[in-house]
Amino acid sequence: MKKILIVILVFTLCAYAADIADLNSDGLNDIVIGAFEANEVRVFWGNSNGEWTSDLLSASSSECIGIDIADFNGDGLLDIAAACAGSDIIQIFYNQGGLSPEWVLLEAVTGFDGVHDVFAGDIDADGDIDIVAAASEGDEVAWFRNDGTEWTKFSIETGIDYPCKVEISDIDLDGNVDIICAAWTGNLVKVWYGSGGTTPSWTAQVIDSTINGAHGISVCDVDAMETWIFLLPH
């Protein structure tokens, strides 16, 4: 862990977001970093000796504040989504494969005001990986349908006071995707229960509206009794 922290501090300025996956299929986990002040997206490649090397994917990811990893084009390779709050853009870096992959950058979503987080999942059950995102300045949570070549926005709710983090899970165990959000200045955690289908409808529930500065969120089954717990560092 100390080696990881040292490498991150050397190569990035204000590393705000990170995710872990084996991006080059060598059997070892790698780390993707979004650097808010440096406007960078970087990959740190791990090796079996616990050493790390770094590749710069982008130096134009303005105020990168959210990262998620998924196979967005169904080619069996893991790609990277980056939330760029400074430019209101969601970038996708498409992995071209190999031990030292090349990356093809797409500005998949533009004009999503202050996009603060991205989370990947198949929202409409069509087999393509979509994106749920939070627009902190636009006070909006939305999902973006992946049609292979285009990304189409579907607003879930507006008027949420500074939504920071989003996550996807099946909260009510009905087989449909639900969406969870932590809103920082709204001081709340909210769930939208999905109806399923190609264009889901959403039923909202406020879990708690008294959490001062709700900023981070995670979903897990803590007691092994199908009770979902929300963990909120703030």
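The values are calculated or read from the model by the stated rules, or taken from the named source; none is laboratory data. Bear in mind that the values here come from a model prediction, so they are computed numbers and not experimental data. Neighbour counts are summed over all protein chains in view; Cβ atoms, including those assigned to glycine, are modelled from backbone coordinates with ideal geometry. Only protein heavy atoms, including side chains, enter the accessible area calculation; ligands, DNA and RNA are left aside. Shrake-Rupley method; radii C 1.70, N 1.55, O 1.52, S 1.80 Å.
Points worth noting:
- For region 54-73, a residue qualifies if it is closer than 20 Å to Glu137 by Cβ and without any contact (Cβ under 8 Å) to a residue 24 or more places away in the chain, and exactly one does: Ser60.
- Exactly one residue out of Ala134, Ala120 is among the hydrophobic types (A, V, I, L, M, F, W, C), more than 17 Å from Arg42 (Cα to Cα) and in contact with a Phe, Trp or Tyr (Cβ under 8 Å, 6 or more places away or on another chain): that is Ala120.
Residues are listed down the side, and each one gets a yes or a no for (1) surrounded by 22 or more Cβ atoms within 10 Å (Cβ to Cβ); (2) basic (Lys, Arg); (3) more than 14 Å from the chain's Cα centre (by Cα):
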| site | (1), (2), (3) |
| --- | --- |
| Ala17 | no, no, no |
| Glu51 | no, no, yes |
| Ile80 | yes, no, no |
| Leu99 | no, no, yes |
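Yes/no matrix, rows are residues, columns are (1) open to solvent by less than 40 Å² (accessible area, probe 1.4 Å); (2) closer than 16 Å to Cys181 by Cα; (3) not charged (D, E, K, R):
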site	(1), (2), (3)
Ile89	yes, no, yes
Val104	no, no, yes
Val109	yes, no, yes
Ala120	yes, yes, yes
Val132	yes, yes, yes
Ser136	yes, yes, yes
Thr149	no, no, yes
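- For region 192-206, the tally of residues that are assigned to a loop (DSSP other than H, G, I, E, B) and either open to solvent by less than 60 Å² (accessible area, probe 1.4 Å) or among the charged types (D, E, K, R) (or both) stands at 3.
- Only one of the listed residues (Ser87, Ser136, Ser155, Ser100) is modelled with pLDDT under 95 and not charged (D, E, K, R). That residue is Ser100.
- Subset tally (residues that are closer than 16 Å to His116 by Cα and under 17 Å from the mean Cα position of the chain (by Cα)) for region 156-183: 13
- For the condition closer than 24 Å to Ser155 by Cα, open to solvent by less than 80 Å² (accessible area, probe 1.4 Å), modelled with pLDDT of 90 or more and of a type in the set (Ser, Thr, Tyr), Ser209 qualifies.
- Only one of the numbered conditions (1) part of a loop (DSSP other than H, G, I, E, B); (2) in contact with a His (Cβ under 8 Å, 6 or more places away or on another chain) is violated by Thr149, and that is (2).
- Some residue of region 157-166 being in contact with a Pro (Cβ under 6 Å, 6 or more places away or on another chain) and surrounded by 14 or more Cβ atoms within 10 Å (Cβ to Cβ): no
- Condition check for Asn176: open to solvent by 70 Å² or more (accessible area, probe 1.4 Å), in contact (Cβ under 8 Å) with a residue 12 or more places away in the chain, assigned to a loop (DSSP other than H, G, I, E, B) and farther than 26 Å from Gly86 by Cβ: no
- Any chance Gly66 is open to solvent by less than 30 Å² (accessible area, probe 1.4 Å) and not β-branched (Val, Ile, Thr): yes
- Of residues in region 110-126 being assigned to a loop (DSSP other than H, G, I, E, B) and of a type in the set (Gly, Ala, Ser), the one nearest to Gly27 (Cα to Cα): Ala125
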